[in-house]
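*Asks:* Structure incoming, see below.
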Amino acid sequence: PARYFDTKTTEPISFFLSGLEELLAWQPNSNDDFNISAVPLAKRQPPLHSRRPRTLVCHDMRGGYLEDRFIQGSATRNPYVFYHWRYIDIFVYFSHHTVTIPPVVWTNAAHRNGVPVLGTFITEWADGEKLCEAFLAGGEEAYGAVAEQLARIAQHYRFDGWLVNIENTLSAAAVRNLPPFLRDLTARVHSAVPGGLVIWYDSVLQDGTLRWQNELNEENRVFFNACDGLFTNYNWKEEQLEQTLKLAGPRHADVYVGVDVFARGDVIGGGFDTDKSLRLIRQYSLSAAIFAPGWVYEHLGEENFLQNENRFWGLLAEYLPTHSICTLPLATSFSLGMGTSRFLDGKDEESGPWYDLSMQEIQPLYPEHQGRLSTSCCLQDAWCGGSSLRLQGTIPPGEERVAIRLFSLQMPAPPKLFLTLLYKLEGPQPDDFAVSLEVTTWDLGTCLEGNPTSLPEPNGRHHPRFLPAPPPGLAKLLAACHSGSHGWTSRCYELELQDCTLRDLSVIVSRQQPSPQETSFTCLLGEVRVLDTASVAASPPQVHSVTASQLWWQ
């Protein structure tokens with residue numbers, strides 16, 4: 001069927017639903033197995049419901065369902081990818097189809113990085129009025145059926161909820177049923193999807209007129225009270241943020257103040273000045289909804305996209321509270337889910353462009369320190385997948401080393417950790433530098449490294465012990481310990497900790513010899529792993545009753 005499979009190639013594709021009939025007729029179907037997310041939502045700290053102001057990204061690009069609709073990837077050159085997951089809380093996939101089911105590749109990439117994904121339920125123009133009249137003015141049974149279907153769809157495809165966007169005027173009967181519909185939808189999503197969310201877009205008012213308010217006020221508060229949050233329109237002024245904060249009270253983090261990166265209309269900031277909007281929003285402790293950050297790709301072009309993307313998010317970083325990883329194992333080769341080649345064990349196995357966001361690995365922080373350090377993606381060389389992480393920077397005169405924070409962590413440290421690192425030094429004198437890992441812990445006074453007689457490390461910095469060969473029993477898993485190849489160096493480490501809480505994982509680049517000069521370095525990271533020895537040594541669960549379906553022989 002054309003809804004589920006591309007008519008040219010027969011490959012499985014992601015899809016949307018148009019109109020009320022398609023929504024109400026939707027049933028799970030064996031053809032849509034490919035569309036079900038296979039990646040559970042990873043835990044992270046702080047969790048979404050903490051009081052901290054959040055960051056929502058609303059992805060709206062050229063009508064949606066572009067190359068990202070190909071569930072098993074495509075040979076796309078210079079595709080759009082998003083990878084600053086550590087900096088955001090919620091990802092919304094937006095299009096103008098009635099029911100936007102997020103393409104599963106986005107759900108997989110976001111979930112692997114701990115970010116929930118929302119689809120969009122939208123009605124607009126004259127057709128939207130008719131649609132709303134049909135299901136809202138129809139009363140409890142009619143709107144209950146729509147709420148039930150939307151909750152079932154999120155549950156079936158394993159994404160996390162809905163942005164609801166009613167952009168048309170409503171009759172008195174329809175608007176009367178809007179708050180109960182939102183309450184019903186929110187309750188059903190909460191019960192069907194653990195951690196599910198319903199967010200309302202600032203559009204119609206409680207009397208049914210369509211008039212964007214750019215704030216939370218008495219005209220739209222009834223909808224905010226009926227769901228998990230409000231996404232405001234983009235043309236706000238500072239005094240409206242003040243009003244919103246007053247009215248939201250303890251729910252201030254549930255108001256997502258809209259920021260249009262394309263800067264359409266009378267807005268503050270946009271483009272590379274988006275930080276101006278965020279600075280104000282954060283002054284009032286409100287959450288932010290960054291709309292269409294694909295501006296970087298659409299407006300500035302595909303050629304230097306990765307460079308421009310790092311610049312865009314780097315400028316916002318001080319206003320984006322980051323998230324910590326709180327479960328082990330942590331293992332990543334930093335792949336973006338795209339590339340100009342596919343690499344395996346450092347070898348270019350297959351040249352040619354590819355794009356598959358489901359293959360995106362856990363993404364790190366992307367620290368930038370003007371002139372001193374930059375972190376970027378390198379497509380020209382990788383250990384595994386399509387890209388590696390390039391660290392470029394300088395070691396100042398008289399200093400021995402520089403630490404680059406890759407991940408913040410927040411979890412009790414197991415008694416024994418194994419860490420592995422694959423790296424490649426580039427530049428004229430790679431032998432001038434050493435590369436290693438550093439783990440920091442929160443100073444709880446009780447935290448000790450190694451045996452009980454050792455002294456606590458000053459400021460909680462631990463340098464794991466280098467292992468020349470993997471310990472017996474783990475040799476197969478940690479084969480990488482002594483098999484760097486194609487110019488990559490491989491290292492294995494061990495760290496024993498007692499009563500500690502993990503805080504950060506950093507890479508240390510240090511000089512081999514002290515020097516009065518400033519020294520520049522370029523280092524590619526191919527893979528980093530942090531493993532809890534006890535769980536690695538345990539045998540993996542057995543897989544039972546495997547079945548295969550949907551086979552296509554070529």
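The values are calculated or read from the model by the stated rules, or taken from the named source; none is laboratory data. Just so it is clear, the structure is predicted and the values come from calculations on it, not from any experiment. Counting neighbours? That spans all protein chains shown, and the Cβs are built from the backbone with ideal geometry, glycine included. In case anyone asks, the SASA skips ligands and DNA or RNA and just uses the protein heavy atoms, side chains included. Shrake-Rupley method; radii C 1.70, N 1.55, O 1.52, S 1.80 Å.
*Asks:* Kindly indicate the residue of the range 386-407 that is charged (D, E, K, R) and open to solvent by 60 Å² or more (accessible area, probe 1.4 Å) and also nearest to V530 (Cα to Cα) among those meeting that condition.
*Replies:* Taking the candidates together, the pick is R405.
*Asks:* Quick check on my filter: what residues within the range 286-308 are assigned to a helix (DSSP H, G or I) and free of Cβ contacts under 8 Å to residues at least 40 places away in the same chain?
*Replies:* Answer for the range 286-308, where residues must be assigned to a helix (DSSP H, G or I) and free of Cβ contacts under 8 Å to residues at least 40 places away in the same chain: W295, V296, H299, L300, N308.
*Asks:* Hey, can you tell me all the residues within the range 264-300 that are hydrophobic (A, V, I, L, M, F, W, C), in contact with a Leu (Cβ under 8 Å, 6 or more places away or on another chain) and modelled with pLDDT of 95 or more?
*Replies:* Once the filter is applied, which keeps residues that are hydrophobic (A, V, I, L, M, F, W, C), in contact with a Leu (Cβ under 8 Å, 6 or more places away or on another chain) and modelled with pLDDT of 95 or more, the range 264-300 yields F272, L278, L280, I281, L286, A288, A289, I290.
*Asks:* Okay, next question. Could you check T209 against (1) over 16 Å from C132 (Cβ atoms); (2) of a type in the set (V, I, T); (3) surrounded by fewer than 17 Cβ atoms within 10 Å (Cβ to Cβ) and say which number it fails?
*Replies:* Here T209 clears every test but (1).
*Asks:* Quick one: which of F343, F334 is in a loop (DSSP other than H, G, I, E, B) and within 30 Å of V536 (Cβ to Cβ)?
*Replies:* That would be F334, the only listed residue that is in a loop (DSSP other than H, G, I, E, B) and within 30 Å of V536 (Cβ to Cβ).
*Asks:* Only residues that are part of a helix (DSSP H, G or I) and either aliphatic (A, V, I, L, M) or surrounded by fewer than 17 Cβ atoms within 10 Å (Cβ to Cβ) (or both): list them for the range 314-331, please.
*Replies:* L315, L316, A317, E318 - these are the residues of the range 314-331 that are part of a helix (DSSP H, G or I) and either aliphatic (A, V, I, L, M) or surrounded by fewer than 17 Cβ atoms within 10 Å (Cβ to Cβ) (or both).
*Asks:* Among the residues of the range 95-105, which ones are surrounded by fewer than 24 Cβ atoms within 10 Å (Cβ to Cβ) and in contact (Cβ under 8 Å) with a residue 40 or more places away in the chain?
*Replies:* If the condition is that a residue be surrounded by fewer than 24 Cβ atoms within 10 Å (Cβ to Cβ) and in contact (Cβ under 8 Å) with a residue 40 or more places away in the chain, then S95, H97, T98, V99 are the ones that fit.
*Asks:* Of all residues in the range 198-211, which are within 29 Å of the chain's Cα centre (by Cα) and part of a loop (DSSP other than H, G, I, E, B)?
*Replies:* D202, S203
*Asks:* Something else now. Taking the range 491-507 on its own, how many of its residues are surrounded by fewer than 17 Cβ atoms within 10 Å (Cβ to Cβ) and part of a strand (DSSP E or B)?
*Replies:* Selection size over the range 491-507: 2.
*Asks:* From the residues in the range 1-37 that are among the small types (G, A, S) and in contact with a Ser or Thr (Cβ under 8 Å, 6 or more places away or on another chain), which one is surrounded by the most Cβ atoms within 10 Å (Cβ to Cβ)?
*Replies:* Looking at residues that are among the small types (G, A, S) and in contact with a Ser or Thr (Cβ under 8 Å, 6 or more places away or on another chain), I get S37.
*Asks:* Which of the following residues is surrounded by 15 or more Cβ atoms within 10 Å (Cβ to Cβ) and under 20 Å from the mean Cα position of the chain (by Cα): A253, A263?
*Replies:* A253
*Asks:* Here's a follow-up. Of the residues that make up the range 482-490, is at least one of a type outside the set (S, T, Y), modelled with pLDDT of 80 or more, closer than 30 Å to S539 by Cα and buried (at least 20 other Cβ atoms within 10 Å of the Cβ)?
*Replies:* Yes, some residue in the range 482-490 is of a type outside the set (S, T, Y), modelled with pLDDT of 80 or more, closer than 30 Å to S539 by Cα and buried (at least 20 other Cβ atoms within 10 Å of the Cβ).
*Asks:* Looking at the range 112-171 only, could you name the residues that are open to solvent by 50 Å² or more (accessible area, probe 1.4 Å) and on the phi > 0 side of the Ramachandran plot?
*Replies:* Those that are open to solvent by 50 Å² or more (accessible area, probe 1.4 Å) and on the phi > 0 side of the Ramachandran plot: W125, R158.
*Asks:* Looking for something in contact with a Gly (Cβ under 7 Å, 6 or more places away or on another chain), outside any strand (DSSP E or B) and not hydrophobic (A, V, I, L, M, F, W, C) - is there at least one such residue anywhere in the range 239-252?
*Replies:* There is no residue in the range 239-252 that is in contact with a Gly (Cβ under 7 Å, 6 or more places away or on another chain), outside any strand (DSSP E or B) and not hydrophobic (A, V, I, L, M, F, W, C).
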